[in-house]
Ligand SMILES: CCCCCCCC(=O)SCCNC(=O)CCNC(=O)[C@H](O)C(C)(C)COP(=O)(O)OP(=O)(O)OC[C@H]1O[C@@H](n2cnc3c(N)ncnc32)[C@H](O)[C@@H]1OP(=O)(O)O
């Protein structure tokens with residue numbers, strides 16, 4: 001048997017985000033969710049600027065609407081509900097990140113960004129498709145900011161006490177191209193009390209397309225549970241109003 005890859009082992013220990021992107025120990029349900037998300041992601045990408053004959057567009061819409069019926073819910077949902085089967089997914093937090101809109105392999109909106117963690121540097125690897133277009137041929141600035149939020153949000157974990165994004169500053173240096181493998185770097189720079197400072201950049205080859213600084217504020221972990229409970233109460237209130 002070959003020796004374990006030390007880098008791989010460290011990554012597996014380092015962050016639930018990294019663990020969430022491994023293909024190990026997944027339940028059949030979670031594998032199927034990832035497969036559905038991948039097919040859905042490809043469909044969305046292919047449909048942007050589709051060359052389908054205009055005469056066929058209504059037939060395509062009919063097919064999609066029929067498929068959509070199978071997934072329709074009677075109320076808004078949070079993926080926190082998916083944590084009920086988290087034990088099979090390898091842990092609650094991994095199940096959560098599997099649904100992330102940036103890195104989640106079970107979320108069709110996620111490009112997805114692939115996260116690696118070195119000793120001091122987080123590296124996100126991503127290729128944005130046409131669905132993320134802002135300026136012609138380039139990534140929409142909001143998705144550039146979202147990508148930083150995710151990568152810097154991972155880098156802040158080096159502080160040992162991660163929190164929520166309080167402030168994100170982005171400098172757009174040059175247009176960030178679509179359809180090109182990009183590298184997003186994130187670093188933890190310092191901690192002052194509850195404040196965690198990070199910085200990062202996006203690279204298209206040697207070209208820096210954007211730079212960012214992120215401030216995160218450590219929170220009590222129970223705050224996430226309170227957010228989930230608040231969501232449940234809001235939904236229950238909406239349903240009572242509808243009754
Ligand atoms: C499971 C893990 C998921 C992780 C996801 C992380 C990435 C995300 O996308 S999080 C989502 C986006 N972020 C949010 O929704 C956060 C919304 N904001 C909040 O909940 C609160 O404002 C929060 C938690 C950031 C800070 O509130 P609170 O805990 O009351 O801290 P507060 O006392 O106001 O501030 C603490 C310190 O941070 C500073 N600070 C807070 N916000 C800012 C800000 N926007 N700019 C500069 N400084 C700030 C304060 O000045 C204070 O500094 P000091 O200690 O020197 O006096």
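Structural remarks
- Residue within the range 119-134 that is at negative phi and within 14 Å of the ligand (Cβ to nearest atom) present: yes
- Checked against the criterion of being under 29 Å from residue 233 (Cβ atoms), modelled with pLDDT of 75 or more and in a helix (DSSP H, G or I), the range 48-58 has no qualifying residue.
- Among residues of the range 94-153, those that are within 29 Å of residue 50 (Cβ to Cβ) and part of a loop (DSSP other than H, G, I, E, B), counted: 23
- For the condition under 24 Å from residue 18 (Cβ atoms), at pLDDT 95 or above and either within 10 Å of the ligand (Cβ to nearest atom) or touching a strand residue (DSSP E or B) at 6+ places or on another chain (Cβ under 8 Å) (or both), residue 157 does not qualify.
- Residue within the range 25-33 that is within 17 Å of the chain's Cα centre (by Cα), under 23 Å from residue 128 (Cβ atoms) and either free of Cβ contacts under 8 Å to residues at least 12 places away in the same chain or surrounded by 10 or more Cβ atoms within 10 Å (Cβ to Cβ) (or both) present: yes
- Test: residue in the range 11-20 that is surrounded by 11 or more Cβ atoms within 10 Å (Cβ to Cβ), at pLDDT below 75, within 16 Å of the ligand (Cβ to nearest atom) and closer than 22 Å to residue 157 by Cβ: yes
- The set of residues in the range 187-206 being farther than 15 Å from residue 144 by Cα and surrounded by 14 or more Cβ atoms within 10 Å (Cβ to Cβ) consists of 187, 188, 189, 191, 195, 196, 197, 198.
- Candidate set: the range 169-194, residues that are within 13 Å of the ligand (Cβ to nearest atom) and in contact with a helix residue (DSSP H, G or I) (Cβ under 6 Å, 6 or more places away or on another chain); chosen: the one nearest to residue 208 (Cα to Cα): 186
- Residue 198 more than 12 Å from the ligand (Cβ to nearest atom), closer than 30 Å to residue 132 by Cα, under 21 Å from the mean Cα position of the chain (by Cα) and at pLDDT 95 or above: no
Results for (1) within 14 Å of residue 197 (Cα to Cα); (2) touching a helix residue (DSSP H, G or I) at 6+ places or on another chain (Cβ under 7 Å); (3) crowded, with 16+ Cβ neighbours inside 10 Å, shown as yes or no for each residue.
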position	(1), (2), (3)
126	no, yes, yes
129	no, yes, yes
140	no, yes, yes
144	no, no, yes
153	yes, no, yes
157	yes, no, yes
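- Among the residues here, residue 213 does not qualify as closer than 23 Å to residue 94 by Cα and either touching a residue at least 12 places away in the same chain (Cβ under 8 Å) or more than 16 Å from the ligand (Cβ to nearest atom) (or both).
The values are calculated or read from the model by the stated rules, or taken from the named source; none is laboratory data. Every value quoted in this text rests on a predicted model; they were computed, and no experiment measured them. Note that we place each Cβ from the backbone using ideal geometry, even for glycine, and neighbour counts take in every protein chain shown.
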